[in-house]
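Student: One structure, as structure tokens, below. Some questions next.
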Amino acid sequence: MKKTSIRTIASALELSAATVSRALSDSPLVAPETRRKILESARELGYRRTQKRKRLMVALSDRFYRGVYDLSLLEEILQQCRSRDYELLLATESNFHSLKEYAVDGLFSLCYNRKTNQQLARSYRCPLVCFNNYECHREGIFSVNSDEAGAIAAAVELFHANGHRRIALLAGVNIGYSNWKRREQFQLAIDRRPELTGFLYEFYVGTEFVELTPRIRADKVTALLLPHEGFDLHLLRHLEKAALHVPQDISVIAWENPQLSKHTLPPLTTFCQNYPRMADEGIRLLENLLQLSERQPRNILIPYLFLKRQSVAPPS
């Protein structure tokens with residue numbers, strides 16, 4: 001397919017190539033309305049800038065604040081874009097429309113809403129890479145994801161290696177595809193070893209864990225997997241009140257919360273998303289898309305980092 005050039009855009013709009021070039025370089029010499037028309041035409045025609053210049057990337061989120069994991073990933077994307085001498089804009093769903101004022105080279109999406117990502121892919125004729133959205137490839141969108149299935153399997157194996165045979169997963173109810181995959185992989189990991197018995201404890205947003213401790217005792221569970229950031233303190237408090245001491249009476253593996261996990265008593269053994277590698281793979285993927293060297297939509301899986309602390313021990 002023939003690349004769209006500045007002259008192609010100029011011819012379509014009956015403007016001079018110099019005017020188009022100035023508009024694409026954000027020159028104040030071009031009238032705002034003319035600049036808007038040029039940018040819209042550039043997107044529609046699939047124009048890609050090839051001259052040596054800072055690339056303008058945009059990181060998108062459907063909300064300004066989500067969780068510490070999203071902010072950690074966003075910070076890493078920002079730092080690595082700077083190290084590559086790329087410009088990075090930040091935008092949320094409330095001001096996506098303002099992107100039409102810029103000649104955007106590529107988009108990073110931290111949006112978990114499937115329809116939002118579909119809209120982004122349709123609205124902007126530039127490469128799009130999503131993070132931690134496992135179904136995007138079905139919509140023709142490239143994505144970079146943490147390997148949650150691998151982390152769940154590794155956590156179960158760690159419990160098994162420490163002698164635990166009755167293991168429970170604390171799983172959220174109706175909170176998306178990722179949660180469903182966690183349940184599925186947990187059951188698969190349990191089924192691989194006939195000597196293991198698995199238990200599923202469900203919770204809703206706002207759930208108190210006071211009803212959980214009697215079930216742990218009744219089921220004789222000795223190891224608990226908590227694949228959600230942010231519930232650690234509530235859970236540990238109720239375990240302690242019920243005289244279920246970590247790790248003497250029950251071992252716990254959680255997902256890493258950088259502000260919390262290493263400061264609990266005892267410090268929690270966790271799995272952590274590899275933010276530097278995720279950002280690097282996402283930027284590399286976007287660079288490949290800009291060079292037209294990637295064509296088949298795919299998911300890139302990044303293994304979790306394992307942080308061994310003091311919340312896992314053999315059952316008493």
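The values are calculated or read from the model by the stated rules, or taken from the named source; none is laboratory data. Here the structure is a predicted model, which is why all the values come from computation and not from measurement. Here Cβ is always computed from backbone atoms with ideal geometry, including for glycine, and neighbour counts include all displayed protein chains.
Student: Filter segment 193-231 down to the residues that are touching a Phe, Trp or Tyr at 6+ places or on another chain (Cβ under 9 Å) and in a helix (DSSP H, G or I), then identify the one that is modelled with the lowest pLDDT.
Tutor: The residue in question is Leu212.
Student: Mind counting the residues in segment 41-81 that are at pLDDT below 90 and closer than 30 Å to Val20 by Cα?
Tutor: Counting residues in segment 41-81 that are at pLDDT below 90 and closer than 30 Å to Val20 by Cα gives 20.
Student: Let me ask something else about it. Take segment 1-30 and flag every residue that is out of contact with any helix residue (DSSP H, G or I) (no Cβ under 8 Å at 6 or more places or on another chain) and either modelled with pLDDT of 80 or more or assigned to a helix (DSSP H, G or I) (or both).
Tutor: Ser5, Thr8, Ser11, Glu14, Ala18, Arg22
Student: Looking only at residues in segment 124-183 that are touching a strand residue (DSSP E or B) at 6+ places or on another chain (Cβ under 7 Å) and among the basic types (Lys, Arg), which one is modelled with the lowest pLDDT?
Tutor: Checked segment 124-183; the qualifying residue modelled with the lowest pLDDT is Arg182.
Student: Can you confirm whether segment 123-131 contains a residue that is in a helix (DSSP H, G or I) and without any contact (Cβ under 8 Å) to a residue 40 or more places away in the chain? Walk me through how you get there before you give the answer.
Tutor: First, pick out the residues of segment 123-131 that are in a helix (DSSP H, G or I): 123.
Retained after the next criterion (residues that are without any contact (Cβ under 8 Å) to a residue 40 or more places away in the chain): 123.
Checked segment 123-131: at least one residue is in a helix (DSSP H, G or I) and without any contact (Cβ under 8 Å) to a residue 40 or more places away in the chain.
Student: Restricted to segment 76-104, and to residues that are free of Cβ contacts under 8 Å to residues at least 40 places away in the same chain and of a type in the set (Asp, Glu), which residue is surrounded by the most Cβ atoms within 10 Å (Cβ to Cβ)?
Tutor: Per the criteria, the residue is Glu93.
Student: Is it true that Ile190 is of a type outside the set (Lys, Arg), within 30 Å of the chain's Cα centre (by Cα), part of a helix (DSSP H, G or I) and modelled with pLDDT of 95 or more?
Tutor: When the stated conditions are applied, Ile190 passes them.
Student: Under the condition of being part of a helix (DSSP H, G or I) and either surrounded by fewer than 18 Cβ atoms within 10 Å (Cβ to Cβ) or outside the structural domain of Ala154 (by TED's automatic domain parsing) (or both), which residue from segment 232-251 is farthest from the chain's Cα centre (by Cα)? Talk me through it step by step, then tell me what you get.
Tutor: Here is the first cut: in segment 232-251, the residues part of a helix (DSSP H, G or I) are 232-241.
Among the residues that remain, those that are also either surrounded by fewer than 18 Cβ atoms within 10 Å (Cβ to Cβ) or outside the structural domain of Ala154 (by TED's automatic domain parsing) (or both) are: 233-234, 237-238, 240-241.
On the way: Leu233: 23, His234: 25, Arg237: 29, His238: 30, Glu240: 32, Lys241: 35 Å.
Ranking the candidates gives Lys241 first.
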